[in-house]
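Student: Here's a structure for you.
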Amino acid sequence: MSKVAVIMGSISDMPVMQDAIDILNGFDIAVEVDIVSAHRTPEKLFDFSQNAHKRGVSVIIAGAGGAAHLPGMVASMSPLPVIGVPVKSSNSIDGWDSVLSILQMPGGVPVATVALNGAKNAGILAAQIIGSADKCVLDKIILYKEGLKDAVNKAAEGLKK
């Protein structure tokens, strides 16, 4: 069974990152959650990044605010796909510092980046990556997308009444 690791730089990121956890749980994908600070726990960062794939992790979602080095540092050491979630934190410049820190990765060290506080989309993207090789997860994603379409059509019909 595939597993997604959801990590964040601080416990204050948890309210944002919970959206990724909830989506993954909805797709019945195993989730490992941890706090891994790029600046305060560098040894843990190295160990996590270099060994996540050995624990059955297939995709890493890393959320960080401020300087937001966590996703890029993980991507520099892990063979797994990394999805970065920029988090608007208390020390942030309206979140732009986090967005640009995660988005502007050098060639050879990709980090898929979602919108500011976009952990829900990070969870969906992680599920889609896993679904590319797991038909059960793919079928759940197809149903989820159908549900999105149905909700929009229902709302549109409500406007016409």
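Student: Name the helices (runs of 4 or more DSSP H) wholly inside the range 89-161 in which the number of residues that are basic (Lys, Arg) is 2 or more. Outline the logic, then answer.
Tutor: Numbers: elements: 96-103, 119-131, 135-160.
Ranges flagged: 135-160.
Student: Checking residue 84 against (1) surrounded by fewer than 23 Cβ atoms within 10 Å (Cβ to Cβ); (2) not in a loop (DSSP other than H, G, I, E, B); (3) not aliphatic (A, V, I, L, M), which single condition isn't satisfied?
Tutor: Of the numbered conditions (1) surrounded by fewer than 23 Cβ atoms within 10 Å (Cβ to Cβ); (2) not in a loop (DSSP other than H, G, I, E, B); (3) not aliphatic (A, V, I, L, M), the odd one out for residue 84 is (1).
Student: Can you pull out the residues in the range 92-113 that are closer than 19 Å to residue 75 by Cβ and out of contact with any strand residue (DSSP E or B) (no Cβ under 6 Å at 6 or more places or on another chain)? So that I can check it myself, show each step before the final result.
Tutor: So in the range 92-113, the residues closer than 19 Å to residue 75 by Cβ come out as 97-113.
Across the range 92-113, the qualifying residues are 97, 100, 101, 104, 105, 106, 107, 108, 109, 110.
Student: Can you tell me which of (1) closer than 16 Å to residue 8 by Cα; (2) in contact (Cβ under 8 Å) with a residue 60 or more places away in the chain; (3) within 11 Å of the chain's Cα centre (by Cα) is the one residue 124 doesn't meet?
Tutor: (1)
Student: From the list 73, 77, 1, 14, which residue is open to solvent by 10 Å² or more (accessible area, probe 1.4 Å), within 18 Å of residue 129 (Cα to Cα) and among the hydrophobic types (A, V, I, L, M, F, W, C)? Working first, answer last.
Tutor: Details: 73 fails: within 18 Å of residue 129 (Cα to Cα); 77 fails: within 18 Å of residue 129 (Cα to Cα); 14 fails: within 18 Å of residue 129 (Cα to Cα).
Only one candidate qualifies: 1.
Student: Okay, moving on. Specify the residue that is farthest from residue 103 (Cα to Cα); the eligible residues are those in the range 117-150 that are small (Gly, Ala, Ser) and open to solvent by 60 Å² or more (accessible area, probe 1.4 Å).
Tutor: Initial filter on the range 117-150 (small (Gly, Ala, Ser)): 118-119, 122-123, 126-127, 131-133, 147.
Narrowing the set further to residues that are open to solvent by 60 Å² or more (accessible area, probe 1.4 Å) leaves 132-133.
Numbers: 132: 24, 133: 26 Å.
It comes out as 133.
Student: If a residue must be open to solvent by 40 Å² or more (accessible area, probe 1.4 Å) and either in contact with a Phe, Trp or Tyr (Cβ under 8 Å, 6 or more places away or on another chain) or touching a residue at least 40 places away in the same chain (Cβ under 8 Å) (or both), how many such residues does the range 89-115 contain?
Tutor: 2
Student: Identify all residues within the range 19-53 that are open to solvent by 60 Å² or more (accessible area, probe 1.4 Å) and farther than 19 Å from residue 134 by Cα; write none if there are none.
Tutor: 19, 22, 33, 35, 39, 40, 43, 44, 46, 47, 50
The values are calculated or read from the model by the stated rules, or taken from the named source; none is laboratory data. This one's a predicted model, so the numbers in the text were calculated from it and none came from an experiment. A quick note on method: Cβ atoms are made from the backbone with ideal geometry, for glycine too, and the neighbour counts reach across all protein chains shown. Accessible surface is based on the protein model in full, side chains and every heavy atom, while ligands, DNA and RNA are left aside. Shrake-Rupley method; radii C 1.70, N 1.55, O 1.52, S 1.80 Å.
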